[in-house]
Amino acid sequence: MKRRDFLKILGVGGVGTGLGYFFGKASKPPAAELIPYLIPPVDVIPGVANWYPSLCTQCSAGCGIHVRVMEGRAKKIEGNPLHPINKGKLCARGQASLQVLYNPDRIKKPLKRRGDRGKGDFEEITWEEGLSLLSKNLTALSEKGETEKLYFVSSQTRGSLNSIINNFMASYGSPNYMQYELIQNKNLLFANHVSMGLNNIPHYDIANTKYLLSFGADFGTTWLSPVNYSFAYGQMRQGEDGIRGKFVQIEPRLSLTGANADEWVPAKPGTEGVLALAIAYAIVEDGYYKGSDAASWKALLSEYSPKDAAVVTEIAEGRIREIAKEFGQTRPSLAIGGENLARYENGMSGIVAVNILNHLAGNIGIRGGVIPNSNGSRTIDFKNNINALATAASASKVKTLLVYNTNPVFTTPKAMKTEESLRNIPFIASFSSFMDETTAMADLILPAHTSLEDWGDDFADPSVGHPVVTIMQPAVSPFFNTVGIGDIILSLAKGIGGKVKDKMQWNDFSDYLKDAWKANYSKDKDMLASALTFDEFWNQLLARGGWWPADQAKVKSVAVSPKGIEAHIAKASSRFEGDEKGFPLYLTTYAHSSYLDGRGANLPWLQEIPDPMTSVVWGNWIELNPKTASNMGIKEGDTVSVESPFGKINAHVYLYPGIRPDTVSMPIGQGHSTYGRYAKGRGSNPIDILPFKEDPNTGELALNVTRVKISRVISSEKMVKIEGSTKELGRNIVQTISPDEFNKMNKEVS
Amino acid sequence: MAGFLERITERWKVYREPGFFKKLDHKWTMVIDLDKCNGCGACVLACYAENNLPVVGKDECAMSRAFSWLRIERYIDGEYPDVKVKFIPVMCQHCSKAPCETGCPVYATYHNQDGLNVQVYNRCVGTFTCATYCPYDVRRFNWRSYKFEQPLDHQLNPDVTVREMGVMEKCTFCIQRIRAAKDKAKDEGRTVQDGEVLPACVQSCPTGAMIFGDLLDPNSKAAKLAKSPRRYRLLEELNADPSVIYLKRVMKEGPSKHG
Amino acid sequence: MDRTITYKEASEDISGIITKTGWKYYAVLTLMAVSAVSFLFLPWAYQIYSGQGVTGLNAPVFWGLYLVNFIYWVGIAHAGTLISAMLYITQTPWRRAIARGAETMTFFALFLVSLFIFVHMGRPWNFYWTMPYPNQRQIWTNFTSPITFDVFAIGTYTTSSIVFLFFGMIPDLASLSHTATGWRKRLYTALSFGWRGTDRQWHLQAKACMFFGAFIMPLVVSVHSVVSWDFALSVVPGYAKTVFAPYFVTGALLSGFAGVLLMLSIMREAYPVMKKYVTAYHYDKVTIFVVVLSLIWSYLTLMEVVTGLYANTSQEIEHLKYKLAISPFSYLFALMIFSNSVLPLLYIFKKLRNSFFGRFIIPVFVLIGMWLERFLIVPNSLSRKFLPWMWHDYSPTWVEYSIPIGALFFFISMFMVFIKVFPIIAIFEVKEDIGIPMRKSH
Ligand SMILES: Nc1nc2c(c(=O)[nH]1)N[C@H]1C(S)=C(S)[C@@H](COP(=O)(O)OP(=O)(O)OC[C@H]3O[C@@H](n4cnc5c(=O)[nH]c(N)nc54)[C@H](O)[C@@H]3O)O[C@H]1N2
Ligand SMILES: Nc1nc2c(c(=O)[nH]1)N[C@H]1C(S)=C(S)[C@@H](COP(=O)(O)OP(=O)(O)OC[C@H]3O[C@@H](n4cnc5c(=O)[nH]c(N)nc54)[C@H](O)[C@@H]3O)O[C@H]1N2
Ligand code: SF4
Ligand code: SF4
Ligand code: SF4
Ligand code: SF4
Ligand code: SF4
């Protein structure tokens, strides 16, 4: 081989990075990619890393990232230290998104269905073929005047991508753009809307609170904005002022977050809302509420005396009053209502109850309490949910479905029959880069870029009391033959032609994005105040990773009044399907810290790092209290069948003392039937055996809604956990001091 | 003759002068606040990503061959509802009197001038002695030549070796980052500043539980925290003199008033 | 010994062992060699190719069956030379019939010792890095490492054992060279280094043997002490025991003596002519050693357990619990006590000493028991170290079982070849025994 050939190969292997070089590249022959190395792009110095600011899309928190790029390859992802949400930190999922980019199971080219639907038999086609296939389908639909029979379902999408999809659907003439993913916090949004008049999620100021009362919020791993809250948690515990905040967690199964609490209150599943109201009652009754309308609150809450609630919740009356006292007297205190609470059948009213607590203790609008986010109110179409899609599909009202970045087949209960209704849809196109369960149902797959290859932006919700917008920019050039989702939509618009094309005249999505930002720029006083030209501003935006004001926005005070809230107060504890005799155990499910709603299960790092609470790897499990298990003659590692009135799955038993004896718990995320070599065939999916229940107000799917029975079965599959023993045996491994001792200590350096 | 003697005594000094080898350039130290750490495991993943740790799969994990240089140990005391869960991140403690170093016949693991317990992969012959002697069980062995499934190998960190079959490894305190910081400081004609070296785990930790710094720099955050009354070191009674300092978890003693 | 045996008869008897070989012998040898290849060399090649991953080793059990067998064979290697050297120095007459066999056993046992070091290492091809030699990289070995001590101790022991064995053999080789023909003649002539049996040569040979005998005696103690320090110098519960040096030395001798007993018994069965030279009298003497060593060993075992109990730390208690009660291997402890402490006591019955039971069964049990001792120390202790989170059991794989078994076959093959080349009984010493009344006669 000649030295020159050698260099060429080197060049092809290490394709350069350069902004503005990312598009239309996929179709070029390899030789074209040599040019950057013969004339090296300015920002590529072999052996020297570039860090590109961008956005983490692994969950909806919207953390800012820095991608370390060397010779055109992304090497590592770290938090953007300037970013107000995550302050340079990053959770395991965010760091693992590198393996989304370099996943061996990515869909590398457009695919067209060849065999039967859902059988996974596809043939490779070109982008031209793929795009024209889809535009022809859409043109045909529009010629028949059935534009409203086009449905678009995407994950929770904010910012310019959301607007371009909206734009496209509107130009095309279909109102049926919906967002669905398992964790959407619709109950929380709705509750905050009805009780505080907010149109977005407020900033829960955990960092500065002195008493945190959490109703099943696993904010250390999955709830809303885990990295932000984890940082805040560290601040709360060992903050600058040296006063350590107290933390009480109310949930039937100790989550990772709960495991760090000072006290655990294992109220009976489904009664947490009642407990919240009982605490509220005690606050009013015992005189910790100073408002003039105390009497009307008392009247409103009269059904929830601690004495009565003690029977329902199985938490002693004294303890309820004690919590009320501490919560009502410690300044500032903060109550938060997490997934566990929000995912009951009447989850929305549970959150309302939590908001009442914050109001009564005077926590709303203060530092260390609930700080409303003034910016970016968001309109959520509570009715336009996944069930609406399924119903329409069953009624043959859907002709063409476009799916982006969401996997309803996996994340909806079997009882909802999502898969069957999708089968009624004549044409499904997916823009997924992975063969997930929903994509496997598609007729056409046009794989979109992963977030490290694409443009975008995001308006964090919850934010941190002021607006935070993050820019997503391509850190590397596309690794496979994929196209950005925004560009796919623009190409479709061109392909369809007519008024759709006329209304969407952007060259590519990066232009669209820039235009959107020009608009923001000219509207926003703060942005204009920087006295930069737009191009300077834009470059600064890219260099910083996004936009947020230099100083914190003024806090808007919001009061919660008892009027009108009545309708949303829970009348009773939440219901569970299945009679107590036949199905003796409550099933609670939770989004797993690594796999989340299942999306992380295809990343080998996330499979390999042990689950924080059980140390299980490469599989899933069901958590049982050791007492419950021994009564049933079940040992750790046994396989059991978990049966609800709606179905049956198998799982391995993990004995966990941190769960109520009448409750079992399973993580969500495993049990994929497809989705790549790392995810496929590992454990089971608890969503499968849930009934289809949604909160009537919000359409949010309820997850903690059924009882189950379990029985041993024989299985050759083994549960693998990393832990040897969890007993410390007096070896003083994790040493402790009491809070009293701590308070006596001199203020520490920090 | 006199010259010869002089030479001998000069050399002798090198070996025998008290503190010659103890006079370190730095003494890198990790302080971990157990009251902040919530056990999330972000640091574990950061270490995988930074240090090219292989993913070994379910079967090897079952044999306790998972590669994590850093692990979160979780201890659970008590029974429902009086359950106490405690987390502790454990990586190589960079012991100043490291038992592992005594064990290695070939100096593949030794102490360097930065106070680090370093591991020279190329020199290791794979006797396992170091791992057996290490009281903290932090050493990991390349039981095979592990594959990085293509194209996942594109994410490999070029600053860190990909180890081959037959050698021992363990947490290095991200020595490549220490090197980079020292090189940069040298180029700029100054000493390394506090906070300039951020090992991957420290960098990622969402709660800010980990602080890294130079104990020889009295103004470093780590040196200050190391004096905290909450300070303790793991298995201190073994006298390995670890460089990882833990700050005690604040937790009520005795049963809590649950239920 | 039977004084009526003539010098000629003795010569012929013993050289007959070398020269008279039936087809059965070849058959057995072939079988052994083939087994050695298939159980030892092929699996080992597989291990070298795929890595140590084919074993059941894990974190924290990094030391497993290979190291067990390493110590085990060091132990076996001890009795041979020790018996010979000690008895040589004290001029104990009954040594003469058994010394050569014992020394040979040592020689091949040491062969296996080095073999297991290689099998155990992750990168055996770099083994020479453990030795101090001038090199461009200026890398020296770590003299504080017990593993380095090992390299020296075992190196020294191997060298001196070979020299001792060889020096003792020179007169025999010279005498064999007179009768042998072909390659044997050339070999024996070359190896006898011009031995002509002059007075001065006899004198020097005796002096050399005495020197090496005296040199080796303390070496035996030090070598196995050093081996014990591989463990005792760590902080691992179950390893860090001050009693380990004497404990290991005693155990080594116990297994070594049992090994010698068994070897002699087998050879006597294979070569009935040997019964003339190895008699009940020899069993009588050797078994007394076994009884005494067994008693000392039992005491030290008790000490080891009691010391742990006395310390009463969680580390020691959990380690003992694991060893004695709750591990997958805990039943082995009882078997070990039965083999090493109970059975050898039966030798106090004089009748048993020369019975089939005494000659075969007890030595076999002691050999197994001593193997178990090493097993119960090496991987078992590692399963319960300091941080309970990392506790993990060890289950060896087929490769780890196969290689030691193959090594045993290899040992036997080499022994069988040796017997056919060199006299397994010292001819000249036997003749001394027959002819000249000894100072310390029986
Ligand atoms: N600035 C700087 N200068 C250096 C060095 C450095 O690091 N920096 N390194 C030094 C070192 S270590 C070295 S080795 C030298 C290398 O310096 P050179 O020996 O000049 O090395 P090459 O550049 O490889 O050039 C060798 C030539 O041989 C040709 N060639 C290839 N194969 C064959 C063949 O089969 N037959 C013939 N006849 N020709 C063939 C090639 O096309 C090429 O033109 O450079 C030295 N100079
Ligand atoms: N791609 C490519 N690869 C090649 C070649 C090529 O032409 N192209 N050429 C081949 C050839 S001919 C050669 S000779 C090799 C050279 O390969 P290497 O020997 O790896 O050469 P360098 O990278 O020049 O230097 C190695 C390191 O030595 C350090 N160094 C410099 N001075 C000193 C010193 O005084 N002491 C110490 N300890 N370190 C020092 C440098 O900082 C550098 O990190 O590369 C070979 N590999
Ligand atoms: S919380 Fe984790 S997954 Fe979610 S955006 Fe932040 S880093 Fe990404
Ligand atoms: S923790 Fe273990 S590996 Fe690290 S220096 Fe200490 S003894 Fe050595
Ligand atoms: S495994 Fe390697 S580093 Fe460890 S003691 Fe052996 S040679 Fe040294
Ligand atoms: S310091 Fe570096 S090598 Fe050590 S545990 Fe942290 S990330 Fe891993
Ligand atoms: S990242 Fe920080 S908080 Fe999370 S486990 Fe590691 S040390 Fe603890």
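The values are calculated or read from the model by the stated rules, or taken from the named source; none is laboratory data. In this text, all values refer to a predicted model and were calculated from it rather than measured experimentally. Quick reminder, even Gly has a Cβ in these numbers, built from the backbone with ideal geometry, and neighbours come from all protein chains shown.
Find the residue count for the stretch C:161-183, including only residues that are assigned to a helix (DSSP H, G or I), free of Cβ contacts under 8 Å to residues at least 40 places away in the same chain and on the phi < 0 side of the Ramachandran plot. Outline the logic, then answer.
The first filter runs over the stretch C:161-183 and keeps only residues assigned to a helix (DSSP H, G or I), leaving C:161-179, C:182-183.
In the following step, the residues that additionally are free of Cβ contacts under 8 Å to residues at least 40 places away in the same chain were identified as C:166, C:170, C:174, C:177-178, C:182-183.
With on the phi < 0 side of the Ramachandran plot added as a condition, the list becomes C:166, C:170, C:174, C:177-178, C:183.
Matching residues across the stretch C:161-183 total 6.
Would you say C:ALA334 is over 21 Å from the mean Cα position of the chain (by Cα), within 30 Å of B:GLU237 (Cα to Cα) and surrounded by fewer than 18 Cβ atoms within 10 Å (Cβ to Cβ)? Give the derivation first.
Working: over 21 Å from the mean Cα position of the chain (by Cα): yes; within 30 Å of B:GLU237 (Cα to Cα): no; surrounded by fewer than 18 Cβ atoms within 10 Å (Cβ to Cβ): yes.
Here the answer is no, as C:ALA334 does not meet what is asked.
Only one of A:VAL100, A:VAL153 is in contact (Cβ under 8 Å) with a residue 24 or more places away in the chain, within 14 Å of chain B (Cβ to nearest Cβ) and crowded, with 16+ Cβ neighbours inside 10 Å; which? Before you say what the answer is, go through the steps one by one.
Details: A:VAL153 fails: within 14 Å of chain B (Cβ to nearest Cβ).
When all the criteria are applied, what remains is A:VAL100.
So the check is Cβ under 8 Å with 6+ separation or different chains; which pairs have a first residue in the stretch A:493-519 that's farther than 18 Å from A:VAL483 by Cα and a second one that's of a type in the set (D, E, K, R)?
These pairs meet every condition: A:LYS501/A:LYS494; A:ALA516/A:ASP457; A:TRP517/A:ASP457.
Quick check, is B:PHE67 closer than 18 Å to A:ASP611 by Cα and surrounded by 23 or more Cβ atoms within 10 Å (Cβ to Cβ)?
Working: closer than 18 Å to A:ASP611 by Cα: yes; surrounded by 23 or more Cβ atoms within 10 Å (Cβ to Cβ): yes.
The answer is yes for B:PHE67.
Tell me, please, whether a residue that is closer than 18 Å to C:ILE405 by Cα, of a type outside the set (Ser, Thr, Tyr) and free of Cβ contacts under 8 Å to residues at least 12 places away in the same chain can be found in the stretch C:67-87. Spell out how you get there, then give the answer.
Our first condition is that a residue be closer than 18 Å to C:ILE405 by Cα; within the stretch C:67-87, this holds for C:67-77.
Filter once more, so that each one left must be of a type outside the set (Ser, Thr, Tyr): C:67-71, C:73-77.
Okay, now just the ones that are also free of Cβ contacts under 8 Å to residues at least 12 places away in the same chain, so none.
No, the conditions are met nowhere in the stretch C:67-87.
Would you mind listing the strands (runs of 3 or more DSSP E) fully within the stretch B:73-140 where at least 3 residues are away from ligand 7 (no atom under 16 Å from the Cβ) and not aliphatic (A, V, I, L, M)?
Details: elements: B:84-90, B:109-111, B:117-119.
Result: B:109-111.
Answer yes or no as to whether A:ILE622 is in contact (Cβ under 8 Å) with a residue 24 or more places away in the chain, more than 30 Å from A:GLY724 (Cα to Cα), away from chain B (no Cβ under 14 Å) and in contact with a Ser or Thr (Cβ under 8 Å, 6 or more places away or on another chain). Give the steps one after another, and end with the answer.
Working: in contact (Cβ under 8 Å) with a residue 24 or more places away in the chain: yes; more than 30 Å from A:GLY724 (Cα to Cα): no; away from chain B (no Cβ under 14 Å): yes; in contact with a Ser or Thr (Cβ under 8 Å, 6 or more places away or on another chain): yes.
Against the criterion (in contact (Cβ under 8 Å) with a residue 24 or more places away in the chain, more than 30 Å from A:GLY724 (Cα to Cα), away from chain B (no Cβ under 14 Å) and in contact with a Ser or Thr (Cβ under 8 Å, 6 or more places away or on another chain)), A:ILE622 does not qualify.
Tell me, which helices (runs of 4 or more DSSP H) lie completely within the stretch C:1-61 with 1 or more residues that are without any contact (Cβ under 8 Å) to a residue 40 or more places away in the chain and either surrounded by 17 or more Cβ atoms within 10 Å (Cβ to Cβ) or in contact with a Pro (Cβ under 7 Å, 6 or more places away or on another chain) (or both)? It would help to see each step written out before you state the result.
Working: elements: C:7-19, C:23-35, C:42-50.
Here the list is empty.
Is it fair to say C:PHE111 is out of contact with any Asp or Glu (no Cβ under 8 Å at 6 or more places or on another chain), farther than 17 Å from C:MET370 by Cβ and assigned to a helix (DSSP H, G or I)? Full working, then the answer.
Numbers: out of contact with any Asp or Glu (no Cβ under 8 Å at 6 or more places or on another chain): yes; farther than 17 Å from C:MET370 by Cβ: yes; assigned to a helix (DSSP H, G or I): yes.
The answer is yes for C:PHE111.
Go through the residues of the stretch B:164-175 one by one and say whether even a single one is touching a Gly at 6+ places or on another chain (Cβ under 7 Å) and more than 16 Å from ligand 4 (Cβ to nearest atom).
Yes, the stretch B:164-175 has at least one match.
So which of B:ARG144, B:ARG123 ends up being surrounded by fewer than 23 Cβ atoms within 10 Å (Cβ to Cβ), without any contact (Cβ under 8 Å) to a residue 40 or more places away in the chain and more than 10 Å from ligand 5 (Cβ to nearest atom)? Spell out how you get there, then give the answer.
On the way: B:ARG123 fails: more than 10 Å from ligand 5 (Cβ to nearest atom).
None of the other options fit; the residue is B:ARG144.
A:GLY115 is checked against (1) in a loop (DSSP other than H, G, I, E, B); (2) buried (at least 20 other Cβ atoms within 10 Å of the Cβ) and fails just one. What number does that condition carry?
(2)
Based on this model, can you work out whether B:ASN38 counts as away from ligand 6 (no atom under 16 Å from the Cβ) and of a type in the set (S, T, N, Q)? Quick ask: steps written out before the conclusion?
Values: away from ligand 6 (no atom under 16 Å from the Cβ): yes; of a type in the set (S, T, N, Q): yes.
When the stated conditions are applied, B:ASN38 passes them.
Between A:VAL500, A:VAL560, which is more than 19 Å from A:VAL469 (Cβ to Cβ), more than 31 Å from the chain's Cα centre (by Cα) and crowded, with 19+ Cβ neighbours inside 10 Å? Steps first, answer last, please.
On the way: A:VAL560 fails: more than 31 Å from the chain's Cα centre (by Cα).
The conditions single out A:VAL500.
With out of contact with any Ser or Thr (no Cβ under 6 Å at 6 or more places or on another chain), among the small types (Gly, Ala, Ser) and either within 16 Å of ligand 7 (Cβ to nearest atom) or farther than 25 Å from A:GLY234 by Cα (or both) as the only criterion, which of A:GLY72, A:GLY94 stands out?
Details: A:GLY72 fails: out of contact with any Ser or Thr (no Cβ under 6 Å at 6 or more places or on another chain).
After applying the criteria, what remains is A:GLY94.
For B:ASN112, which of the numbered conditions (1) under 28 Å from C:LEU67 (Cβ atoms); (2) within 16 Å of ligand 5 (Cβ to nearest atom) fails to hold?
(1)
Filter the stretch A:242-258 for residues that are part of a loop (DSSP other than H, G, I, E, B), more than 7 Å from every other protein chain (Cβ to nearest Cβ) and of a type outside the set (Ser, Thr, Tyr) and give the result.
Quick first cut of the stretch A:242-258, residues part of a loop (DSSP other than H, G, I, E, B) only: A:242-245, A:251-252, A:254-255.
Going one step further and asking which of them are more than 7 Å from every other protein chain (Cβ to nearest Cβ), we end up with A:242-243, A:245, A:251-252, A:255.
If the condition is that a residue be part of a loop (DSSP other than H, G, I, E, B), more than 7 Å from every other protein chain (Cβ to nearest Cβ) and of a type outside the set (Ser, Thr, Tyr), then A:GLY242, A:ILE243, A:GLY245, A:GLU251, A:PRO252 are the ones that fit.
Consider B:PHE173 carefully, then state whether it is closer than 22 Å to A:LYS75 by Cα and hydrophobic (A, V, I, L, M, F, W, C). Talk me through it step by step, then tell me what you get.
Numbers: closer than 22 Å to A:LYS75 by Cα: yes; hydrophobic (A, V, I, L, M, F, W, C): yes.
Yes; evaluated as a whole, the condition is true for this residue.
Name the residue, out of C:ILE98, C:ILE147, that is facing another protein chain (nearest Cβ under 8 Å), in a helix (DSSP H, G or I) and crowded, with 21+ Cβ neighbours inside 10 Å.
Of the residues listed, the single one that is facing another protein chain (nearest Cβ under 8 Å), in a helix (DSSP H, G or I) and crowded, with 21+ Cβ neighbours inside 10 Å is C:ILE147.
Failed condition for B:PHE148, given (1) modelled with pLDDT under 95; (2) not in a loop (DSSP other than H, G, I, E, B), with all others met?
(2)
Hey, could you check the stretch B:165-194 for residues that are part of a loop (DSSP other than H, G, I, E, B) and within 14 Å of chain C (Cβ to nearest Cβ) and say which is nearest to the chain's Cα centre (by Cα)? Give the derivation first.
Restricting attention to the stretch B:165-194, the residues satisfying the condition of being part of a loop (DSSP other than H, G, I, E, B) are B:165-167, B:170-174, B:188-194.
Narrowing further to those that are within 14 Å of chain C (Cβ to nearest Cβ): B:165-167, B:170-171.
Details: B:MET165: 22, B:GLY166: 21, B:VAL167: 17, B:LYS170: 7, B:CYS171: 5 Å.
My answer is B:CYS171.
Can you list the strands (runs of 3 or more DSSP E) lying wholly within the stretch A:546-665 that have 3 or more residues being more than 21 Å from A:THR257 (Cα to Cα)? Walk me through how you get there before you give the answer.
On the way: elements: A:585-591, A:621-624, A:639-644, A:647-655.
Passing ranges, in order: A:639-644, A:647-655.
One line per residue, one yes/no per condition, for (1) over 18 Å from B:GLU50 (Cβ atoms); (2) within 16 Å of ligand 3 (Cβ to nearest atom); (3) facing another protein chain (nearest Cβ under 10 Å):
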{"residue": "B:GLU196", "(1), (2), (3)": "no, no, no"}
{"residue": "B:SER204", "(1), (2), (3)": "no, yes, yes"}
{"residue": "B:LEU216", "(1), (2), (3)": "yes, no, no"}
{"residue": "B:ALA223", "(1), (2), (3)": "yes, no, yes"}
{"residue": "B:LYS227", "(1), (2), (3)": "yes, no, yes"}
{"residue": "B:ASN239", "(1), (2), (3)": "yes, no, yes"}
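Tell me, yes or no, whether the stretch A:479-493 has at least one residue that is within 14 Å of chain B (Cβ to nearest Cβ) and among the aromatic types (Phe, Trp, Tyr).
Step one: filter the stretch A:479-493 for residues within 14 Å of chain B (Cβ to nearest Cβ), giving A:479-482.
Subset that is among the aromatic types (Phe, Trp, Tyr): A:479-480.
Checked the stretch A:479-493: at least one residue is within 14 Å of chain B (Cβ to nearest Cβ) and among the aromatic types (Phe, Trp, Tyr).
Name the single residue that is nearest to C:LEU29 (Cα to Cα) among those in the stretch C:384-405 being crowded, with 21+ Cβ neighbours inside 10 Å, in contact with a helix residue (DSSP H, G or I) (Cβ under 6 Å, 6 or more places away or on another chain) and not β-branched (Val, Ile, Thr).
Ranking the candidates gives C:PRO404 first.
Can you tell me which condition A:GLN95 does not meet? The list is (1) within 14 Å of another protein chain (Cβ to nearest Cβ); (2) surrounded by fewer than 18 Cβ atoms within 10 Å (Cβ to Cβ); (3) not aliphatic (A, V, I, L, M), and all the others hold.
Here A:GLN95 clears every test but (2).
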